[in-house]
1. For residue 464 and residue 59, what does the FRET efficiency come to when R0 = 51 Å and r is the distance between their Cβ atoms, rounded to the nearest 0.05?
2. Starting from 0.36 nm per residue, how many nanometres of slack lie between residue 386 and residue 69 once their C-alpha separation is accounted for?
3. Starting from 0.36 nm per residue, how many nanometres of slack lie between residue 177 and residue 293 once their C-alpha separation is accounted for?
4. So what's the back-of-envelope 222 nm ellipticity for the chain, counting only DSSP H runs of four-plus at -39500 (n - 2.57) apiece and dividing by all residues, rounded to 500?
5. For the chain, what is Rg from Cα atoms divided by 2.2 N^0.38 Å, rounded to two decimals?
6. If packing is taken as the mean number of other Cβ atoms within 10 Å per residue, what is the order of 462-474, 298-310, highest first?
7. Which ordering of 289, 218, 124 is given by a fewest-first count of other beta-carbon atoms within 10 Å?
8. Kindly put 72, 319 in sequence by how many other C-beta atoms sit within 10 Å of each C-beta, fewest to most.
């Protein structure tokens, strides 16, 4: 989901994880959820591990690692569930046995962090979100997959990496240098499934009232306010408000970007936080006012499941969140509003842009993996055209958006007949969909602090004063960690 997103509300914060593990700084990732020869290292002085891609020679053969067993660490999730029935096909194709260990999402990143930090190589491959690359990559815990992609002996000639949407490929690549943009450096993971962050709305109610989705942010504020009827327990729009980095990344960061705001700028040799710029202050004021006037009354506790549940119950008229988080509510039997929902890109920016922040679950390789070739064959199979097509069909809309254009244009479109506006919305935003955050190693802590600032403003603190304090603290934290 965060997949951003499909996650339950109860989970420890990053600071809780730090306390549990007794670790600090870049040595740990947040568990609040719910990214030829050479070295497979992420930089930052981490341990070196031989990449191994250059050792693969000859003609590509799916059975080149026959007889190997690999261990994959995953968390129960629609992506994982959609692929589970296909593992036997992978074994039949390759002769490789897959042991997939599942860890509940509340404990997943704590477990993954411990495994990677140990360097023991107990797991060859693992699920990860793109943001986690910024934590796991610098210590050298992740394998650079670019040498594997570049070696025709190791990669199926029909794999077609460029078929994966450009914004996704860019979002899983970074060089770990302060101020460098995404799209530079190693390819640390291969996108497996993703979602864009757009608006899902109650089309039946909109049609009854003769209204249409808003095309500008100011129109959205007015529309959501007009749709709010506290006396009858209905309100205009749901979006996340809990004390979590995940509050910032879906609707908030998407509209923040569209309105011309940026989180950090490079000034000399340091990143300077700019979430207190005049544009950002104005946007934040409107966003929090929107939460007060037309959001859920317990907004500061809201995470994605709360938002989508209210949409499905008919309590919320709109949700600004992951597209694939909302479409289960439109499936018969899943909610009271099934069949009544539709999708819209959400408000364009003043210049007409539809910049959209994304979440992608991806597959990565442990740099200490014992069976790297077999792990690479698994990763490329799971992210390939044929397996993704079957997963979309098997998952019955549980796989979220496929990462490949050919699969979306083929098998996935065939599932969208009862989802008005979903395809059109996706096609409107996909060319400007990628991670809108500036990559940095303190992402989880500083972004959680950003969510706390929103809560403080919601509680009555002055917008400019609170954002000034946030920007100063984040600037210090990021540059100290670099």
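1. Working: r = 63 Å, r/R0 = 1.24.
The pair residue 464/residue 59 has a calculated efficiency of 0.20.
2. Values: separation 317, 0.36 × 317 = 114.12 nm, distance 2.21 nm.
Between residue 386 and residue 69, full extension yields an extra 111.9 nm.
3. Numbers: separation 116, 0.36 × 116 = 41.76 nm, distance 4.15 nm.
Here the answer is 37.6 nm.
4. Details: 18 runs with 172 residues, N = 482.
It comes out at -10500 deg cm²/dmol, rounded to the nearest 500.
5. On the way: Rg = 21.8 Å, N = 482, 2.2 N^0.38 = 23.0 Å.
My calculation over the Cα atoms of the chain gives 0.95.
6. Details: 462-474: 18.0, 298-310: 20.7.
In decreasing order of mean packing, 462-474, 298-310 become 298-310, 462-474.
7. On the way: 289 16, 218 12, 124 27.
The order, fewest Cβ neighbours first, is 218, 289, 124.
8. Numbers: 72 22, 319 30.
Neighbour counts put them in this order, fewest first: 72, 319.
Each value in this text was obtained by applying a stated rule to the coordinates, not by laboratory testing. These numbers were taken from a predicted model, which means no experiment stands behind them. A quick note on method: Cβ atoms are made from the backbone with ideal geometry, for glycine too, and the neighbour counts reach across all protein chains shown.
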